[in-house]
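The values are calculated or read from the model by the stated rules, or taken from the named source; none is laboratory data. The model shown is predicted, which means the values in this text are computed figures rather than measured ones. Every residue, glycine as well, gets a Cβ built from its backbone with ideal geometry; the counts of neighbours run over all protein chains shown.
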Ligand SMILES: CC(C)(COP(=O)(O)OP(=O)(O)OC[C@H]1O[C@@H](n2cnc3c(N)ncnc32)[C@H](O)[C@@H]1OP(=O)(O)O)[C@@H](O)C(=O)NCCC(=O)NCCS
């Protein structure tokens, strides 16, 4: 068994536990994952537990975790758009300790392995010519079409439709059921509201929503 410590207590962590439960029976025993607990900065979780696994400490305690333990980074609510890379940097853990996880019921190119720390949920479809960066979270039933690029640390919530040739910058958050028109560029740290239709390029750091998506507020106003 390989040991796994999950960074972030929340919905994505819950989904990752389910993913691991589904994945484990498909793996040789030595390759299976055993969750040892969580790291989270919420003081209310100190010495507590989540789904029966202990909260081992805060993110700054990552250095105290045994060297043979791997990590998953599941912090990724809409309000962390533009901040996920900075949050993870606090842990000072090397990328090589973050495996990627692909749900067996995701439709991905044969033999494809995403980069470090990327999580691919059930029902996700990834085209063979799409490129997905490190530490990307793709929630259930999202589609990343041909020739699209999803920048590192970005999150696609449930049911996102990324059309062909789209570029999503680093650390963006695309809300549930949003649709991105073919060829558009979404800047770094952008937050796209749920159900929005992005039909033109979006500058770095904006919050946009609606059909068609329009800026809601500057990044600092969230
Ligand atoms: C866009 C978003 C970040 C705005 O959140 P917020 O800053 O708290 O904004 P508010 O809820 O105060 O809404 C501000 C205005 O924008 C409108 N609005 C909010 N979200 C909207 C959306 N997705 N589409 C269209 N309009 C939206 C509100 O109706 C409100 O309009 P008003 O000023 O005319 O009353 C948020 O609504 C959102 O969509 N988050 C993503 C959620 C998501 O995808 N979660 C996925 C979980 S898997």
With respect to residue 137, determine if the residue is buried (at least 19 other Cβ atoms within 10 Å of the Cβ), touching a residue at least 60 places away in the same chain (Cβ under 8 Å) and closer than 22 Å to residue 70 by Cα.
-> yes
Quick check, is residue 141 farther than 15 Å from residue 211 by Cα and either part of a loop (DSSP other than H, G, I, E, B) or within 12 Å of the ligand (Cβ to nearest atom) (or both)?
-> yes
Could you grab me the full set of residues in the stretch 10-52 that are part of a loop (DSSP other than H, G, I, E, B) and more than 16 Å from the ligand (Cβ to nearest atom)?
-> 27, 28, 32, 40, 41, 42, 46, 47, 48, 51, 52
When both residues are 6+ apart or on different chains and their Cβ atoms are under 6 Å apart, which pairs have a first residue that lies in the stretch 203-222 and is within 9 Å of the ligand (Cβ to nearest atom), and a second that is at pLDDT below 95 and part of a helix (DSSP H, G or I)?
-> none
Do the conditions hold for residue 115, that is, is it closer than 22 Å to residue 71 by Cβ, more than 16 Å from the ligand (Cβ to nearest atom) and either surrounded by fewer than 18 Cβ atoms within 10 Å (Cβ to Cβ) or more than 15 Å from the chain's Cα centre (by Cα) (or both)?
-> yes
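Go over the candidates 96, 105 one by one and state the one that is away from the ligand (no atom under 16 Å from the Cβ) and closer than 30 Å to residue 67 by Cβ. If you could, list the steps in order and put the result at the bottom.
Numbers: 105 fails: closer than 30 Å to residue 67 by Cβ.
Of the residues listed, the single one that is away from the ligand (no atom under 16 Å from the Cβ) and closer than 30 Å to residue 67 by Cβ is 96.
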Scanning the stretch 149-202 residue by residue, those touching a helix residue (DSSP H, G or I) at 6+ places or on another chain (Cβ under 7 Å) and either free of Cβ contacts under 8 Å to residues at least 24 places away in the same chain or within 12 Å of the ligand (Cβ to nearest atom) (or both) turn out to be 173, 175, 191
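Suppose we filter the stretch 53-87 for residues that are in a helix (DSSP H, G or I) and within 16 Å of the ligand (Cβ to nearest atom); how many remain?
Qualifying residue count for the region: 4.
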Could you please find all residues in the stretch 1-43 being touching a helix residue (DSSP H, G or I) at 6+ places or on another chain (Cβ under 8 Å) and without any contact (Cβ under 8 Å) to a residue 24 or more places away in the chain?
-> 41
